[in-house]
Structure formats: C-alpha cells, structure tokens
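One structure is given here, and the rest of the page talks about it.
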Amino acid sequence: DWVGGRYSLWSAIGLSVMISIGYDNFVEFLTGAHIMDEHFINAPTENNLPIILALVGIWYNNFFGSETQAILPYDQYLWRLPAYLQQLDMESNGKGATKNGRMVSTHTGPIIFGEAGTNGQHAFYQLIHQGTKLIPCDFIGAIQTQNCIGEHHRILMSNFFAQTEALMIGKTPEEVKRELESAGGKSEDEIQLLIPQKTFTGGRPSNSLLVKALTPRALGAIIAMYEHKVLVQGAIWGINSYD
C-alpha cells in the first residue's frame, strides 16, 4: 500500500509528471515501462536486458573489485538521468545487511555517478581511460536527434562510439609514437616523454545502449530497465532493495 520515493513516478505522484508533459505523453511513458516489464518477465535470460545488465554489474563489482559505475548519456535531454539513477541504485542497494538481518559477506551496490556526453569527456573521462580505478560505464544514446543543428548530432554520436572503442582497445605506445611523429614539431626526447602520458591500455568495460529516438516511450523503458536491474542485483546479494 505504499511505494518508495525513488519508484513513485509510477504511482499517483506521477500526476505532476502528467501535468507537465501532457496526458498522451504520459501514457506513452507508461507504455514504454510496461513493454520493459513484459520483456523482463518473458524474455529468456540470455536476451533479457535487465538481467544481463545486472549480471555484468555484479561481475565487475564482486569479481573485479570495481566500486563505481558511470552513467553517460549522449543526449542533453538526459542530463539529469545519472542523478536519477544514482538515487534509484544507491538508495535501493546501498545496504550492508541481508533481508535476514545478517551482515553481507560481499560488496553490494556500487557508487553511481555520471554526466551528459561531452561534459563528462572534459571532466572525468581521463580517469576512466587512464586511471588506476576500474569504472564500468553505461553509454546511452539516441540514433535520431530532436534538434537537427548542422552536423552536431553526427559529431556527438561519433564521440559516443569513439569513447567506447577507445575504452575497449586502448592505444599502444607504438600508435602514440607514430601519431606524434606524424604531427611533427617535437624532438625525439619530447616524444619519448609524452608516450606514457598518451598511452592507455584498453580493456575497460562499457555497455552501449541505443534507442531509435528519445521519446516518452523510450524513456519509460530505460527507467524500467534500470529498476529491474536493481531488483535482480538486490535479489542476488540477498538484500532488501525496497525497505
């Protein structure tokens, strides 16, 4: 007979959302969430998005010692999504006791943070690429833009794919050396000093999540997907995600 604040937009509290975006858009929003609910219930495990995300998250959290996860939407309309998911995940699974009241024996929910697109690139991506912390990332993008301004969206999505590729394959010292030599203007000694600073190993985990267009239906599905991911992880850890 009650629902936690982090899930309340699906309840009567969603009235304020409906007033803001309109009845038809709100119905589409709910429809997207319902479609994801049905997918979560009926899709086989190997094709089930929330289950896959949950298991991948546990893999890096509990077996590779990652303590954080970055949410990186490449659409300015999703700029507050990282903060929304931060509350959803950390308030739900930030628990040190099991449902039976015993202390957990494993790491539970990760620290969630993030920023929209290129803002994050100029803030903390260097740590993700070159730092000593393993930070799994979720990149979220829309194939179609709602604002056709020249080549802006094409360039934005080029950044999306370039970042995920760089996280995966990195850049070797040999590649850095060739780039610096081709650019010219630096001595061999200067190049040797720069090579370690521009090398990154790759092998950094990320998920790429794409929707055709960022519609109310797509947003509803995205939020529901992460809610079910939190549910699965909480169940595996044996904690109460809904207290």
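The values are calculated or read from the model by the stated rules, or taken from the named source; none is laboratory data. Owing to the predicted nature of the structure, the values given are computational and were not obtained by experimental measurement. In this analysis, Cβ positions are derived from the backbone assuming ideal geometry, glycine residues included, and neighbour counts consider all displayed protein chains.
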Could you check, for the stretch 126-142, whether at least one of its residues is more than 19 Å from Arg204 (Cβ to Cβ), modelled with pLDDT of 95 or more and touching a strand residue (DSSP E or B) at 6+ places or on another chain (Cβ under 7 Å)? yes
Inspect the stretch 186-203 for any residue being more than 18 Å from Val56 (Cα to Cα), without any contact (Cβ under 8 Å) to a residue 12 or more places away in the chain, outside any helix (DSSP H, G or I) and more than 20 Å from the chain's Cα centre (by Cα) and give the result as yes or no. yes
Return the pairs, sorted by first residue and then second, in which the second residue is in a helix (DSSP H, G or I) and at pLDDT 95 or above, the first residue lies in the stretch 1-25 and is of a type in the set (S, T, N, Q), the beta carbons are less than 7 Å apart, and the residues are 6+ apart or on different chains. Asn25/Pro216
Conditions: (1) touching a residue at least 12 places away in the same chain (Cβ under 8 Å); (2) within 30 Å of Gly22 (Cβ to Cβ). Ala166 meets all but one. Number of the miss? (2)
Taking the condition surrounded by 14 or more Cβ atoms within 10 Å (Cβ to Cβ), at pLDDT 95 or above and closer than 30 Å to Leu9 by Cβ, does Ala221 pass? yes
Of the residues that make up the stretch 51-67, is at least one among the small types (Gly, Ala, Ser), within 18 Å of Asn159 (Cβ to Cβ) and at pLDDT 95 or above? no
Looking only at the stretch 200-207, decide whether some residue is hydrophobic (A, V, I, L, M, F, W, C), out of contact with any Ser or Thr (no Cβ under 8 Å at 6 or more places or on another chain) and within 30 Å of Ile21 (Cβ to Cβ). no
Given (1) crowded, with 16+ Cβ neighbours inside 10 Å; (2) over 21 Å from Val232 (Cβ atoms), number of the condition His122 does not satisfy: (1)
Would you check if Ala43 is more than 23 Å from Pro205 (Cβ to Cβ), aliphatic (A, V, I, L, M), out of contact with any strand residue (DSSP E or B) (no Cβ under 9 Å at 6 or more places or on another chain) and free of Cβ contacts under 8 Å to residues at least 12 places away in the same chain? no
Considering each of Leu30, Leu9 in turn, give the residue that is at pLDDT 95 or above and within 26 Å of Gln233 (Cα to Cα). Leu30
Kindly list, by first and then second residue, each pair from a residue in the stretch 116-128 that is among the hydroxyl-bearing types (Ser, Thr, Tyr) to a residue that is part of a helix (DSSP H, G or I) and crowded, with 20+ Cβ neighbours inside 10 Å, limited to pairs with Cβ atoms under 8 Å and residues at least 6 apart or on different chains. Tyr125/Gln163
